[in-house]
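Report on one structure; see the data block that follows.
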Amino acid sequence: LSLPSSMHLIQVDSVQRWMEDLKLMTDCECMCILQSKPISTEKDEQNELMLSSQYSTCDNLQLLLKRAWIISTELTRIAQKLEKNRWQRVHSMTVRINCHVRSMINEYNMFTRNSSEEMHQFEKLLIDKCSEFTAFTERCIQTEDEQILKSMKSCINETLTTIAQYFGQLIELVLTHEAQNLLRQIELSDSVYVTESAISSLFSLTQEGAHLCRIIAKEGGVVTLFKICRQDCFRGLYPQTLRTLASICCVEEGVHQLEKVDGILCLADILTDNSHSEATHAEAAAVIAQITSPHLTFTQHLSSFLENMEEIVTALVKLCQEASSGEVFLLASAALANITFFDTMACEILLQLNAVKILLTACSDKRLVDTPYSRDQVRSFLASL
């Protein structure tokens, strides 16, 4: 089992997704005209503040990422239409890109704080380049001279490449900035509510893909989250924190950070501490399952894991035996199955613990082994033994 992807099998209705995306894609030409016209006067600043505060940081980031996805898709489509000399289509799509870029920047600046000078520079470069792009394509639809169009094509291609570069660099800076803000909140807050909200937003970011997990790991996310897992006052947040850690550890940078901060020792302590809730134990098992996943080639040399293997394996077998739900059993059995791939020494310990009987007994309980995924973990486990 490779986490987190297999634990987040979200069925998305394609029509519903299209309806959501449509909100961001309609009436772009109208928005282009309106975008620089403020609706409120200076006296209405309070109303504007109330409007922008209706959404959480997480919602705003989701909106930003949707905009970014649309812009990225449109840039690819423009390149395709340009190849076929569909000048009218290229121009209309360029106008749309111009609109989306400006809207994305305006929306982001409404909810962000402490934007760096570098970000503002890239925003200006990107807007200027998009305006230049629109002017180029407008000239192209006004001429039918093949030679002029041919010479313009290389200029447009060059501008398109530059826009893609500026856009990529701006998004990288924005996401890094937001990750830093969330991690700073977690580091500095004594409030359980504020910390919980920041961790929840951070988890949402990890679900956007490996690249964001790399950014979070690079900015010290693993270190910050393990600090939470070592403070008793945040015990209620352990499951959520560990779930976020499991997501970050799908990338090499996350696992290296985990090694540096003795994360495996912390996980072993959590798993062997009976005062923790079953949910905390299950999420700790999920982190173990992630870092021992056979699909990850960079986790094969976790020296600290071998030092704590016996305690971890013993705790995981106990979790399988006492699991109160199918999800808990799945996480614990997945961790055990992956560990048997990870190191053969674990097989001897598991045989001594009578793990085969425990897992096979669980298989006859439909409350525990309730999905093909759970049965697959038991099969993998038995095959390794």
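The values are calculated or read from the model by the stated rules, or taken from the named source; none is laboratory data. Treat the numbers as computed from the prediction; the structure is a model and nothing was measured. Heads up, the Cβs are rebuilt from the backbone with ideal geometry, glycines too, and the neighbour counts pull from every protein chain shown. These area figures cover heavy atoms from the full protein model, side chains too; ligands, DNA and RNA do not enter into them. Shrake-Rupley method; radii C 1.70, N 1.55, O 1.52, S 1.80 Å.
Solvent-accessible area assigned to carbon and sulfur over the range 55-188 amounts to 50 percent, based on a 1.4 Å probe.
Given a Förster distance of 25 Å, report the FRET efficiency between Ser72 and Ser115 from their Cβ-Cβ distance, rounded to the nearest 0.05. Efficiency, from the Cβ-Cβ distance: 0.70.
Using R₀ = 30 Å, calculate the FRET efficiency as 1/(1 + (r/R₀)^6) where r is the Cβ-Cβ separation of Arg375 and Arg230; round to 0.05.
Working: r = 36 Å, r/R0 = 1.20.
Efficiency computed from Cβ-Cβ geometry: 0.25.
For Glu252, the solvent-accessible surface computed with a 1.4 Å probe is close to 80 Å², ligands and nucleic acids excluded.
Calculated on C-alpha atoms, the gyration radius of the chain divided by its Kirkwood radius gives an Rg/Rh of 1.08. The range 141-291 has equivalent-ellipsoid semi-axes of 45, 15, 12 Å, by the square roots of 5 times the alpha carbon gyration tensor eigenvalues, sorted largest first. Per residue, the solvent-accessible area of the range 300-345 (1.4 Å probe, heavy atoms of protein chains only, all protein chains present) comes to 40 Å².
Distances longer than 27 Å among the Cα atoms of the range 55-188: what percent of all pairs is that? Here the long-distance tail beyond 27 Å is 27 percent of all Cα pairs in the range 55-188. With helices as the sole contributors, the chain gives -24500 deg cm²/dmol at 222 nm; each DSSP H run of n ≥ 4 counts as -39500 (n - 2.57), and the sum is divided by every residue.
Annotation for Asp273 and Asn181: the two label points, set 7 Å from Cα along the Cα-Cβ direction, are 3.2 nm apart.
With the highest mean first, a sort of the peptides 361-373, 98-110, 131-143 on other beta-carbon atoms found within 10 angstrom per residue produces 98-110, 131-143, 361-373. Extension gain, Glu138-Ser364: 0.36 nm per intervening residue step, less the Cα-Cα distance, totals 74.4 nm. The fraction of accessible area contributed by carbon and sulfur in the range 325-385 is 55 percent, rounded to a whole number (1.4 Å probe; ligands and nucleic acids excluded). When the Cα positions of Thr143, Tyr108, Ile71 are compared along the charge dipole of the range 55-188, Thr143 comes out farthest toward the positive end, with charges on each C-beta of Lys, Arg, Asp and Glu. Excluding ligands, DNA and RNA, the accessible surface per residue across the range 89-222 is 47 Å² with a 1.4 Å probe.
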